[in-house]
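Structure first, commentary second.
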Amino acid sequence: MAKLKIALLAGGDSSEREIALQSAAQIEAALDPSKYEVYLIDLHHRDWHYTTPDGRRIQLDKNDFSLTVDGRRTEFEYALILIHGTPGEDGKLQGYLDMMGIPYSSCSMTSSVVTFDKITTKRTLAGGSIPLARGKFLTRAEAADPALDPAAIAAELGLPLFVKPNASGSSFGVTKVRTADEIPGAIAEALTESDAVLIEECITGREMGCGVLVAGGREYLFPITELRAKNDFFDYEAKYTAGRSEEITPADITPEVREKLNRMTLEAYRRCRCSGVVRVDFIVTEAGEPYLIELNSIPGMSAGSIIPKQARAMGMTLGELYDLIIEDTRRK
């Protein structure tokens, strides 16, 4: 049986580039070499290259999504996307692959656009059964308006509050502010990562990460992880620095809270028309009410990431997980 020729697309152009490369390396090692012929392609702006074992960089031919090494041409049959941020998580790469007729492992272009844009995600989910934090959306032009009144924002949403890039991940550019005077600086920081800003009320509670995959007509709800940051919130340092957070899988929660989280995770997955494995993050209040924080359409897969730990907790290897994803998304 011929091996499936896979381009493992890694890297990308965002602040999450290094984490994406770590995710791709872990998945490359997990894939079954008897089933797949895998080439890791590092994307960085216009440079899309494969590095040979002896260190040569060979450019991918974007005209037909092929790679020629030492006279041997490989036409890829499938793309496995492990890019957090642009162009892998915001729909750009999916649009190219759709035009090339190449199936891929992640959400569709449309779904990726929706889920990467925080305000669009909230507008898509509004009106359903998932509670959402109150917020205020600002374009770059609106943020620069001299009439913008930080005191009015603080009065409307309360303090503390969060100022976030509208389209970014790994908590880059996110600030928790406690006074109205801190809001302009937090907006400026968020605009270094995105062209728009989302300002949200602070929901106090326990943070939960919920992995989900729908494949082959079956729903896979992963064991829920509680994220306990030693920092003020689950920021980049807490996510990726050893000792700065504690992750508990499965989370110590009541059956009622677990049922709510599972139901809301599936609702978010289906309403945003997701594919592949996704992680949905919530804050659960003291009263046991989950509030959605964000939806990650290409969640981290590095050694320290949440989904690999959840997969192990449910008795599944990363190789088995990606077998399911590849089999299901190839059909689509």
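The values are calculated or read from the model by the stated rules, or taken from the named source; none is laboratory data. Worth saying up front: this structure is predicted, and the values here are computed from it rather than measured. In this analysis, Cβ positions are derived from the backbone assuming ideal geometry, glycine residues included, and neighbour counts consider all displayed protein chains.
Name the single residue that is surrounded by the most Cβ atoms within 10 Å (Cβ to Cβ) among those in segment 166-181 being at pLDDT 95 or above and out of contact with any strand residue (DSSP E or B) (no Cβ under 7 Å at 6 or more places or on another chain).
Looking at residues that are at pLDDT 95 or above and out of contact with any strand residue (DSSP E or B) (no Cβ under 7 Å at 6 or more places or on another chain), I get ALA180.
Residue check: is ILE81 over 20 Å from ARG273 (Cβ atoms), of a type in the set (Val, Ile, Thr), modelled with pLDDT of 95 or more and crowded, with 20+ Cβ neighbours inside 10 Å?
no
Just need a number here: residues in segment 236-264 that are in contact with a helix residue (DSSP H, G or I) (Cβ under 6 Å, 6 or more places away or on another chain), at pLDDT below 95 and not in a strand (DSSP E or B). Can you show your working first?
Step one: of segment 236-264, the residues in contact with a helix residue (DSSP H, G or I) (Cβ under 6 Å, 6 or more places away or on another chain) are 244-245, 249.
If we keep only those that are at pLDDT below 95 as well, we get 244-245.
Imposing the further condition that a residue be not in a strand (DSSP E or B) reduces the set to 244.
Count: 1.
Filter segment 270-307 down to the residues that are assigned to a strand (DSSP E or B) and within 11 Å of VAL212 (Cβ to Cβ) and list them by number.
If the condition is that a residue be assigned to a strand (DSSP E or B) and within 11 Å of VAL212 (Cβ to Cβ), then VAL277, VAL278, ARG279, VAL280, LEU295, ASN296 are the ones that fit.
Can you find a residue in segment 107-128 that is in contact with a Gly (Cβ under 7 Å, 6 or more places away or on another chain), part of a loop (DSSP other than H, G, I, E, B) and in contact (Cβ under 8 Å) with a residue 60 or more places away in the chain?
yes
Filter the strands (runs of 3 or more DSSP E) completely within segment 25-89 down to those with at least 1 residues that are without any contact (Cβ under 8 Å) to a residue 12 or more places away in the chain.
47-51, 57-59, 66-69, 72-75
When the residues of segment 21-49 are narrowed to those that are polar (S, T, N, Q) and under 22 Å from the mean Cα position of the chain (by Cα), which ends up surrounded by the most Cβ atoms within 10 Å (Cβ to Cβ)?
In this case the residue turns out to be SER23.
Among the numbered criteria (1) free of Cβ contacts under 8 Å to residues at least 12 places away in the same chain; (2) over 19 Å from LYS332 (Cα atoms), which one does ASP98 miss?
Unmet for ASP98, out of (1) free of Cβ contacts under 8 Å to residues at least 12 places away in the same chain; (2) over 19 Å from LYS332 (Cα atoms): (2).
Run THR139 past the list (1) among the polar types (S, T, N, Q); (2) closer than 19 Å to LEU43 by Cβ; (3) over 21 Å from the mean Cα position of the chain (by Cα) and report the number of the one that doesn't hold.
Every condition holds for THR139 apart from (2).
Using the structure shown, decide if GLY217 is of a type in the set (Gly, Ala, Ser), modelled with pLDDT under 95 and surrounded by fewer than 15 Cβ atoms within 10 Å (Cβ to Cβ). Talk me through it step by step, then tell me what you get.
Details: of a type in the set (Gly, Ala, Ser): yes; modelled with pLDDT under 95: yes; surrounded by fewer than 15 Cβ atoms within 10 Å (Cβ to Cβ): yes.
Yes.
The conditions are (1) under 19 Å from the mean Cα position of the chain (by Cα); (2) surrounded by fewer than 23 Cβ atoms within 10 Å (Cβ to Cβ), and CYS107 fails exactly one of them. Which is it?
Result: CYS107 fails condition (2) only.
Does GLU18 count as surrounded by fewer than 17 Cβ atoms within 10 Å (Cβ to Cβ), part of a strand (DSSP E or B) and among the acidic types (Asp, Glu)?
Considered against the rule, which asks whether it is surrounded by fewer than 17 Cβ atoms within 10 Å (Cβ to Cβ), part of a strand (DSSP E or B) and among the acidic types (Asp, Glu), GLU18 comes out as no.
I'm trying to understand the selection: among the residues of segment 120-135, which are modelled with pLDDT under 95 and among the charged types (D, E, K, R)?
none
Can you tell me which residue among PRO146, PRO184 is assigned to a loop (DSSP other than H, G, I, E, B) and surrounded by fewer than 18 Cβ atoms within 10 Å (Cβ to Cβ)?
PRO146
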